[in-house]
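For reference, the structure discussed in these notes is given below.
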Amino acid sequence: MKDAGSIWLAWHEYERDGCPEYTLIGVFSSRERAEAAIDARRGKPGFIDHPNGFAIMARVVDRDTEWLDGFVTVH
């Protein structure tokens, strides 16, 4: 079976009133496209106030590698 390849997630995150806020910018076919999408938003309202909140992460399509053992909630 052929490997499905990677996707690139781009998002922005910052903290507001002690709570994390996440904004998904998009899912892209290359890192370069994800970087271009971020660059297009750097000067926009909201984003400009939190310039270090951008992130990019690669993921392999059709491969479940996260949370295989479940999770625990700590109170």
Criterion (of a type in the set (Gly, Ala, Ser) and at pLDDT below 95) met by exactly one of 5, 43, 53, 26: 5
Residues of region 44-65 that turn out to be open to solvent by less than 90 Å² (accessible area, probe 1.4 Å) and part of a loop (DSSP other than H, G, I, E, B), as a count: 7
Filter region 2-31 down to residues that are closer than 12 Å to residue 58 by Cα and assigned to a loop (DSSP other than H, G, I, E, B) and give me whichever is most open to solvent (accessible area, probe 1.4 Å). 29
Among (1) at pLDDT 95 or above; (2) over 14 Å from the mean Cα position of the chain (by Cα); (3) open to solvent by 100 Å² or more (accessible area, probe 1.4 Å) - the single one residue 69 does not satisfy: (1)
Can you name the residue in region 32-43 that is assigned to a loop (DSSP other than H, G, I, E, B) and within 15 Å of residue 13 (Cβ to Cβ) and is also most open to solvent (accessible area, probe 1.4 Å) among such residues? 42
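The values are calculated or read from the model by the stated rules, or taken from the named source; none is laboratory data. What you are looking at is a predicted structure, and each value in this text was computed from that prediction instead of being measured. Because the Cβ atoms are built from the backbone with ideal geometry, glycine has one as well, and the counts that use them run over all protein chains shown. To get the accessible areas, we keep the full protein, side chains included, count just its heavy atoms, and leave off ligands, DNA and RNA. Shrake-Rupley method; radii C 1.70, N 1.55, O 1.52, S 1.80 Å.
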